[in-house]
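Novice: This is the structure I have questions about; it appears just below.
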Amino acid sequence: MPPAAPVKSNGRKIALIVALVVLLLLCPCLGLAGWAIWRVADASNDVEPQPSVSMPVRPPVLPSAAPTPDLPSPPGPDEEFARGDCVVNEGTEDDAELRKVPCGPNTYQVLLRIPATTDGDRCETLAPQATANYVHDNSIDLFDYVLCLKER
């Protein structure tokens, strides 16, 4: 019997070409992902921690047979502090707890309320007469706000 002719294997060449194409597509994707992670990490290092305020949790009111006095409802997020209100900080500089008070000495007057942001530096341009700012950082970004304050 005559010797069999050698069989050419194109499978190895095809596998090499497929691996090369996958590698060429994967490298730019990994590079872009690494760049995005680096940008996010770099941006989070530049942000100074801002105090956040949360509303106290009230237990639900259950119906009872005894009459209860009508209590005013707690203010909503847009009613809490408005332009012209005066406040004092009953917390610390790092963990501020603002309380609305009548305007007078040693209080801060709200010059401007900037909704949907936590950028306290915006007070420098929008309310240049402000001497302080308060940043409310809510878990829902829509409810974030900054108060531009002026010490009285």
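Novice: Keeping to region 94-113, report how many residues are more than 17 Å from Tyr145 (Cα to Cα) and assigned to a strand (DSSP E or B).
Specialist: Selection size over region 94-113: 1.
Novice: Looking only at region 131-146, which residues are under 23 Å from the mean Cα position of the chain (by Cα) and open to solvent by 20 Å² or more (accessible area, probe 1.4 Å)?
Specialist: Matches in region 131-146: Ala132, Asn133, Asp137, Asn138, Ser139, Ile140, Asp141, Leu142, Phe143.
Novice: Looking at (1) under 17 Å from the mean Cα position of the chain (by Cα); (2) buried (at least 18 other Cβ atoms within 10 Å of the Cβ), which is the one condition that is false for Leu149?
Specialist: (1)
The values are calculated or read from the model by the stated rules, or taken from the named source; none is laboratory data. Just so it is clear, the structure is predicted and the values come from calculations on it, not from any experiment. For neighbour counting, all protein chains shown are included, and Cβ atoms are generated from backbone atoms with ideal geometry for every residue, glycine included. Side chains are part of the model used for accessible areas, which takes the heavy atoms of the whole protein and leaves out ligands, DNA and RNA. Shrake-Rupley method; radii C 1.70, N 1.55, O 1.52, S 1.80 Å.
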